[in-house]
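The values are calculated or read from the model by the stated rules, or taken from the named source; none is laboratory data. Source: prediction; values computed, not measured. Heads up, the Cβs are rebuilt from the backbone with ideal geometry, glycines too, and the neighbour counts pull from every protein chain shown.
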Number of protein chains: 2
Amino acid sequence: MKQKNYNITESQSLFNKAKEVIPGGIFGHYKYSVRDSGPKFFSRAKDAHFWDVDDNEYVDLICAYGPMILGYNHPLIDQAARTQYDLGNTVSLASPVMIELAETLVDMVSAADWALFGKNGGDSTTLAVMIARAATGREKVIKIRDGYHGVTAWMQEGDDRPGILPSDGDHVLAIDWNDVNAFEAAIAAHADEIACFISTPYDHPVFRDNSLPADGYWNQIETLCRKHDIVLIVDDVRAGFRINLSGSNVAYGFTPDLICFGKAMANGYPISALVGSDALKQAAEDVYYTGTQFFNAVPMAAAKATLLELQRVDAAKQMTEFGNKLNEGLVKVANAHGYDLVVSGIPAMPYYRLHNVERKTHFAWIDECVKRGVYMVGYHNHFVSTAHTEKDIINICDAAAEAFSVLGSADQYRIESS
Amino acid sequence: MKQKNYNITESQSLFNKAKEVIPGGIFGHYKYSVRDSGPKFFSRAKDAHFWDVDDNEYVDLICAYGPMILGYNHPLIDQAARTQYDLGNTVSLASPVMIELAETLVDMVSAADWALFGKNGGDSTTLAVMIARAATGREKVIKIRDGYHGVTAWMQEGDDRPGILPSDGDHVLAIDWNDVNAFEAAIAAHADEIACFISTPYDHPVFRDNSLPADGYWNQIETLCRKHDIVLIVDDVRAGFRINLSGSNVAYGFTPDLICFGKAMANGYPISALVGSDALKQAAEDVYYTGTQFFNAVPMAAAKATLLELQRVDAAKQMTEFGNKLNEGLVKVANAHGYDLVVSGIPAMPYYRLHNVERKTHFAWIDECVKRGVYMVGYHNHFVSTAHTEKDIINICDAAAEAFSVLGSADQYRIESS
């Protein structure tokens, strides 16, 4: 899989062409993928690999930022999709497969009594907050600082974000992750005003080590939510099905009122879901939330097939084992070259950081890995899938080792803290 | 196509099942489809027809609320999609087909210098307003009262909408359609605060006759926008490609800064687009707006194929001619039975209203048409496609005539105004 005469001529040429008709050439979160030395466009994909337009092959540790979980072009999922395509996709009525998908989620996800569907993960998070507000008659939302829940205006934190108004965050309170005291303080400061708490099951921001819940954290949060009638929303769009197939909350021993799913649930077919408890079913019915494409039957058929296959192969367990082996291998390779690779987050979504070096050094290492056929992104968590193999680990570790060799001695890059 | 022993047993049974695991059984705008006497779920679709789960056949005048424009399961579009599926759909990089689609839009749509892509029509309208705010540094949005631009909180008008906060509309000014004086008054009251005006090319609300722009309306609006540096946004998600393939604005002789597309642009594959002028390209690059599924390559390939086919068959002209014939036929049928059918909106998206009867009478007529194999929805515009045929017009008019016969004499329903 090692690249011969690696070049990105065609990617670069297409990127220049793209800039003429697309602002920035590539937009949204795919901008993260754009590095001067790296590929910009894919030509084909299969299993855990894709090829760029210059025919360089990559083992993919980004998995389309999450959706790919069983491998690209998985025959079983594609077959389910094609069968539905032949019947019809977006029609003036819903398809019975919508009911089957909702039943599959209710069977599989322990906190789910019902399900609703959208397209973007942000559809699910936005709908969840609306339902919480409808159910409680309250306005305020507590979230984790730097926690990402899509691009809905009230979720875009920070000053000077183009197109976002200062008032967009008026009803959002940001607290630090794993900080129960801050949660209690927010409640105390806004008694009876808090509609909901929305958080990912563990902390997976960009540009910061990912962080698992502290012992007892979620139980304390759950207790406080129950005490103050705050709707507890888990945003499982990113981590969903990579920790525990019954909902990531199950791994951490608590029960939310609403769970947002997206990304991996249909192995790349566009769909998201919100599941919830019977107590919120009426509020979920009362809220008006929709989209022209919400009733596409094909992604629903693909999602049903994906969820069943994930269960059949015990996917979360498999990916956790793979992730552990991969991380162990990479840490060893780094150590052997005098580098300290810090791995954080869950095994199936590893976040890597070279310790005590500047960001540009970390990016340089990532760039060299990419040139050697391992698709990675700096300072963002990675994703693994059930399609990744032992051979992929060997190739990834070989590429990482070569990348460290190209960088040379770690001593030259060492800084006090990174 | 006339139904033998019309029954909806299976639809009803599935609907009851759906309610157990989906709030309301059917949600979002598809709720509009749910009538006690009508079908709830489809089993298959082809060309301009679909079959419900009880195997009743319908000629479809809703076209999936717009996406179906070339006919269900159009072989050319499906072939383009399948070819791309075999290469890859949602991968960690974008596909070159994204550039080709942007080029196609820029070639085809006269006001387009660039394009961005999303999933929901609401992604495009929300992004458009963000770009306008980023470009102008202003906060306020003028919209048309009852104008629908998706479910983004600041676009959901009216009191007591569950999950919507009173403050969500703080920066939105609603004015009446075709009212230039109101537009001028809004500008005068908020000098230098108006970021943009967003409107559909003509007024197509629900539960009200649709209304075309008055002579000179758009030119006056355009002049005022230029004078006050207000970004002019056309929401062409619904009407797009059914009035003029170069943008509905072309039919009305004006040039917006941004146009929102969705629905019909990929004949049912989920994608939306925002196109704009070079003057706003930098602002479009600066705004952060994204979604996990925004880079699906398959809907992009389907969209490119759809747009080329729409041009090849001169689709807007074809659908306008069909719509005119259909409307003429239905008005005649109504008159022959003593009813006054008011048709409004553009020919390819007719809005029907029985004049001087109560709403329940209009719904009763719609229900009887549906039972006779014509899929319609009360007090919402309909949609036609290039797949509808002369034979469909005959069948629709026959069904409508029978429906009027079942209702009986119009005199018994007549009220002073409706």
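Among residues of segment B:329-341 that are within 17 Å of B:Y379 (Cα to Cα) and modelled with pLDDT under 95, none has a Cβ under 7 angstrom from a residue that is of a type in the set (V, I, T) and buried (at least 17 other Cβ atoms within 10 Å of the Cβ) at a sequence gap of 6+ or on a separate chain. Please verify whether segment A:69-76 includes one or more residues that are touching a helix residue (DSSP H, G or I) at 6+ places or on another chain (Cβ under 7 Å), under 30 Å from A:G147 (Cβ atoms) and not acidic (D, E). Yes, the conditions are met somewhere in segment A:69-76.
Applying a threshold of 7 Å to beta carbon distances and a minimum spacing of six or more residues, or different chains, the list of pairs starting in segment B:39-50 at a residue that is closer than 16 Å to B:Y6 by Cβ and ending at one that is at pLDDT below 95 and surrounded by fewer than 20 Cβ atoms within 10 Å (Cβ to Cβ) reads B:K40/B:V34. Could you tell me whether any residue of segment A:244-261 is closer than 29 Å to A:N89 by Cα, small (G, A, S) and within 14 Å of chain B (Cβ to nearest Cβ)? No, that holds for no residue. For beta carbons closer than 6 Å, sequence separation of 6+ or different chains, a first residue in segment A:230-253 that is closer than 13 Å to A:A264 by Cβ and aromatic (F, W, Y) and a second that is at pLDDT 95 or above and buried (at least 24 other Cβ atoms within 10 Å of the Cβ), the qualifying pairs are A:F241/A:A264. Kindly indicate which of A:V34, A:V109 is buried (at least 24 other Cβ atoms within 10 Å of the Cβ) and either without any contact (Cβ under 8 Å) to a residue 24 or more places away in the chain or farther than 30 Å from B:M130 by Cβ (or both). Within the list A:V34, A:V109, the selection yields A:V109.
Evaluating B:G66 against the criteria (1) within 23 Å of A:R82 (Cα to Cα); (2) surrounded by fewer than 24 Cβ atoms within 10 Å (Cβ to Cβ); (3) not assigned by TED's automatic domain parsing to the domain that holds B:I243; (4) not aromatic (F, W, Y) leaves one unmet condition, (2). Is there a residue in segment A:292-307 that is over 24 Å from A:P75 (Cβ atoms) and either acidic (D, E) or in the same structural domain as A:L61 (by TED's automatic domain parsing) (or both)? So far as segment A:292-307 goes, no, none of its residues is over 24 Å from A:P75 (Cβ atoms) and either acidic (D, E) or in the same structural domain as A:L61 (by TED's automatic domain parsing) (or both).
One residue stands out among those in segment A:337-351 that are of a type in the set (G, A, S) and within 13 Å of the chain's Cα centre (by Cα): the one that is surrounded by the most Cβ atoms within 10 Å (Cβ to Cβ), which is A:A348. Within segment A:1-14, residues that are at pLDDT below 95 reach partners that are among the acidic types (D, E) with beta carbons closer than 6 Å, at six or more positions or on different chains, in the pairs A:M1/A:E57.
Results for (1) in the same structural domain as A:L258 (by TED's automatic domain parsing); (2) among the hydrophobic types (A, V, I, L, M, F, W, C); (3) farther than 30 Å from B:V141 by Cα, shown as yes or no for each residue.
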| position | (1), (2), (3) |
| --- | --- |
| A:Y148 | yes, no, no |
| A:G158 | yes, no, no |
| A:L165 | yes, yes, no |
| A:D168 | yes, no, no |
| A:H171 | yes, no, no |
| A:A174 | yes, yes, no |
| A:A191 | yes, yes, yes |
| A:Y202 | yes, no, yes |
| A:G216 | yes, no, yes |
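No other residue among A:D286, A:D236 is in contact with a strand residue (DSSP E or B) (Cβ under 8 Å, 6 or more places away or on another chain), within 14 Å of chain B (Cβ to nearest Cβ) and of a type in the set (D, E) apart from A:D236.
In this structure, is A:M155 over 28 Å from B:P39 (Cβ atoms) and free of Cβ contacts under 8 Å to residues at least 60 places away in the same chain? For A:M155, the condition - over 28 Å from B:P39 (Cβ atoms) and free of Cβ contacts under 8 Å to residues at least 60 places away in the same chain - is met. Within segment A:141-169, which residues are in contact with a strand residue (DSSP E or B) (Cβ under 9 Å, 6 or more places away or on another chain) and crowded, with 21+ Cβ neighbours inside 10 Å? Within segment A:141-169, A:V141, A:I142, A:K143, A:I144, A:Y148, A:H149, A:G150, A:W154, A:M155 meet the criteria.
In this structure, does B:A185 turn out to be hydrophobic (A, V, I, L, M, F, W, C), over 28 Å from B:L308 (Cα atoms) and in the same structural domain as B:M130 (by TED's automatic domain parsing)? Yes: the conditions hold for B:A185. Residue count for segment A:190-229, restricted to those that are under 25 Å from A:E157 (Cα atoms), part of a helix (DSSP H, G or I) and of a type outside the set (V, I, T): 5. Against the definition (charged (D, E, K, R) and buried (at least 21 other Cβ atoms within 10 Å of the Cβ)), how does A:R312 come out, yes or no? No: the conditions fail for A:R312. For segment B:352-371, a residue qualifies if it is surrounded by 22 or more Cβ atoms within 10 Å (Cβ to Cβ) and either touching an Asp or Glu at 6+ places or on another chain (Cβ under 7 Å) or over 11 Å from B:A400 (Cα atoms) (or both), and the qualifying residues are B:Y352, B:L354. Restricting attention to segment B:286-303, the residues that are over 18 Å from A:F41 (Cβ atoms) and in a helix (DSSP H, G or I) total 2.
When segment A:345-390 is filtered for residues that are among the hydrophobic types (A, V, I, L, M, F, W, C) and assigned to a loop (DSSP other than H, G, I, E, B), the ones remaining, listed by number, are A:I346, A:A348, A:M349, A:V357, A:M376, A:V377, A:F383, A:V384, A:A387.
Taking the criterion of being among the aliphatic types (A, V, I, L, M), crowded, with 23+ Cβ neighbours inside 10 Å and out of contact with any strand residue (DSSP E or B) (no Cβ under 7 Å at 6 or more places or on another chain), would at least one residue in segment B:116-130 satisfy it? Yes, there is a match, as at least one residue in segment B:116-130 is among the aliphatic types (A, V, I, L, M), crowded, with 23+ Cβ neighbours inside 10 Å and out of contact with any strand residue (DSSP E or B) (no Cβ under 7 Å at 6 or more places or on another chain).
Restricted to segment B:102-112, and to residues there that are more than 9 Å from chain A (Cβ to nearest Cβ) and part of a helix (DSSP H, G or I), the residue that is nearest to A:D54 (Cα to Cα) is B:T104. The single residue among B:Y375, B:Y351, B:Y379 that is touching a Ser or Thr at 6+ places or on another chain (Cβ under 8 Å) and within 27 Å of B:D55 (Cα to Cα) turns out to be B:Y375. For segment B:351-383, filtering for residues that are touching a Pro at 6+ places or on another chain (Cβ under 8 Å), more than 17 Å from B:V333 (Cβ to Cβ) and β-branched (V, I, T) leaves 0. Counting the residues of segment B:391-418 that are hydroxyl-bearing (S, T, Y) and outside any helix (DSSP H, G or I) gives 3. Tallying residues that are more than 23 Å from the chain's Cα centre (by Cα) and under 25 Å from A:I131 (Cα atoms) within segment B:127-163 yields 4.
Just name the residue that is farthest from A:L127 (Cα to Cα) out of those in segment B:158-187 that are of a type in the set (V, I, T) and touching a residue at least 12 places away in the same chain (Cβ under 8 Å). Checking each candidate, the answer is B:V180.
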